Amino acid sequence: MATRKVVVIGSGPAGYTAAIYAARANLAPMMLTGVQSGGQLMLTTLVENYPGFVDGLMGPELMESFRKQAERFGTEMIPEDATRVDLLNRPFRVWGETAEYEAHTVIIATGASAKLLGLDAEMQLMGRGVSTCATCDGFFFKDQKIMVVGGGDSALEEALYLSRLGSSVDLVHRRDTLRASKIMQDRAFKNPKIQFMWDSAVEEILDPAQGKVTGVKLRNVKTGVLVERPVDGLFVAIGHQPNTQLFRGQVELLPNGYIKVKPGTTQTSIPGVFAAGDVQDHVYRQAVTAAGTGCMAALEAERYLEATQPH
Ligand code: NAP
């Protein structure tokens with residue numbers, strides 16, 4: 001089996017950008033795209049904040065362009081999930097569903113997934129009124145009624161951001177105390193546009209039949225009483241889950257499960273293994289920052305290969 005110079009795992013903005021840079025550096029990268037390729041942008045509709053596209057474009061369309069650009073320079077795409085890795089021995093080994101691959105460097109770009117409530121309508125209306133990213137989609141709800149679910153810093157940050165755009169923001173939390181930091185709580189409590197709906201769980205999102213969000217049924221978890229609130233946008237902000245299960249016990253992770261990288265780089269605890277995008281970023285989580293770290297990972301992989309592999 002030929003040992004690859006670079007294997008990229010994951011196909012969001014970080015993975016594709018790493019592949020574009022690695023391919024153009026003649027490193028003939030191979031990429032395990034995952035069965036569902038494209039990452040979180042495949043779940044969004046219009047993307048208006050990716051620089052270079054004046055009028056915005058659809059998330060899946062943007063990812064299709066990323067993929068074609070990576071292919072154009074010779075990235076070999078394997079449309080499979082990585083099922084197992086061995087990063088503790090060299091060369092590194094990565095297993096797909098049908099084959100095993102060897103690599104001198106591995107770029108991990110498996111992303112993070114927004115946690116969801118688990119309601120059917122949530123997926124049906126994702127990108128059609130339901131969103132997991134206020135920075136991405138808040139603008140579509142200018143002067144409209146917005147609801148945010150969650151009680152942590154993310155939920156309050158989203159609610160505060162959305163209060164500048166929407167006519168009102170309902171903050172729905174399943175308990176009567178917030179998990180968020182005191183400073184964020186103070187800011188949210190002071191904001192006249194934010195109303196708190198305590199002890200409340202989303203029971204139903206209306207209305208999949210109309211193909212858009214028209215309202216939300218909330219259940220008071222203490223009294224069982226149901227209320228219906230008319231809203232135009234529902235932002236689910238109950239946390240993210242980094243996709244790092246595969247790397248546990250091999251690459252060093254932070255206590256929150258994200259991959260630990262040396263500050264200012266994409267270097268993991270294992271020389272030759274790099275991490276780019278949301279899998280190592282719980283702060284910015286933007287397509288453009290993911291693409292930026294994808295570029296960094298490819299450049300760092302190139303330098304690592306130059307220093308360790310005979311020409
Ligand atoms: P988090 O702290 O884990 O909070 C998640 C919130 O969602 C909790 O209030 C939780 O309720 C609620 N929740 C979880 N699952 C739920 C479900 N199935 N249904 C309804 N509610 C549910 O996540 P996060 O807010 O994304 O923050 C993650 C980390 O990033 C934290 O350390 C946070 O401080 C940090 N962060 C900081 C900032 C900032 O400082 N500006 C901004 C964003 C994130 P319970 O409280 O009942 O568990």
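The values are calculated or read from the model by the stated rules, or taken from the named source; none is laboratory data. Remember, it's a predicted structure, so these values are computed and weren't measured experimentally. Neighbour counts run over all protein chains shown; Cβ positions are idealised from the backbone, glycine included. These area figures cover heavy atoms from the full protein model, side chains too; ligands, DNA and RNA do not enter into them. Shrake-Rupley method; radii C 1.70, N 1.55, O 1.52, S 1.80 Å.
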For this session: Express in Å², to the nearest 10, the accessible area of residue 43 obtained by rolling a 1.4 Å probe over the protein heavy atoms while all chains stay in place.
Result: 80
Problem set entry | Taking N as its residue count, the alpha carbon Rg of the chain over 2.2 N^0.38 Å | 1.08
For this session: May I ask you to compute the full-extension gain from residue 220 to residue 167, defined as 0.36 nm times their residue separation minus their alpha-carbon distance, rounded to one decimal in nm?
Result: 16.7 nm
Problem set entry | Overall Cα dimensions of the range 194-311 - principal axes, largest extent first, Å | 69, 30, 26
For this session: Compare the peptides 193-201, 22-30, 83-91 by average per-residue count of other Cβ atoms within 10 angstrom and give them in order, highest first.
Result: 22-30, 193-201, 83-91
Exercise. Which value, to two decimals, describes the C-alpha radius of gyration of the range 142-182 once divided by 2.2 N^0.38 Å?
Worked result: 1.12
Exercise. Over the range 116-236, what lengths in whole Å, largest first, do the semi-axes of the equivalent ellipsoid take, defined as the square roots of 5 times the eigenvalues of the alpha-carbon gyration tensor?
Worked result: 20, 18, 12
Exercise. Gaussian network model of the chain, Cα springs within a sub-10 Å range: biggest mean-square fluctuation belongs to which of 52, 96, 166?
Worked result: 52
For this session: Calculate, in nm to one decimal, what residue 36 and residue 71 gain on full extension: separation in residues at 0.36 nm each, minus their alpha carbon distance.
Result: 10.9 nm
Seminar exercise, completed: Taking a crude spin-label model, label points 7 Å out from Cα along the C-beta direction, the residue 24 to residue 1 distance in nm is 3.1
Problem set entry | Ranked packing of 245-253, 230-238, most packed first, by mean Cβ within 10 Å | 230-238, 245-253
Exercise. If you average the sequence gap of Cα pairs under 8 Å that are 6 or more apart and divide by the length of the chain, what percent do you get for the contact order?
Worked result: 21
Exercise. When you count, for each residue, the other Cβ atoms within 10 Å and take the mean per peptide, how do 222-228, 258-264 rank with the highest first?
Worked result: 258-264, 222-228
Exercise. Given a 1.4 Å probe, how much area per residue of the range 116-236 is accessible, in Å²?
Worked result: 50
Exercise. Ignoring ligands, DNA and RNA, what percent of the 1.4 Å accessible area of the chain is carbon and sulfur?
Worked result: 51
Exercise. Helix hunt in the chain: which complete DSSP H runs extend at least 30 Å axially by C-alpha with mean Kyte-Doolittle at least -0.5?
Worked result: 287-308
Exercise. What's the lysine pair count for the range 116-236 at a Cα cut-off below 25 Å, pairs eight or more apart or interchain?
Worked result: 13
For this session: State the Kirkwood hydrodynamic radius of the range 1-122 in Å, one decimal place, computed from all pairs of distinct Cα atoms.
Result: 15.2
Exercise. Hey, in the chain, which Cys have no second cysteine's beta-carbon closer than 4.7 Å?
Worked result: 295
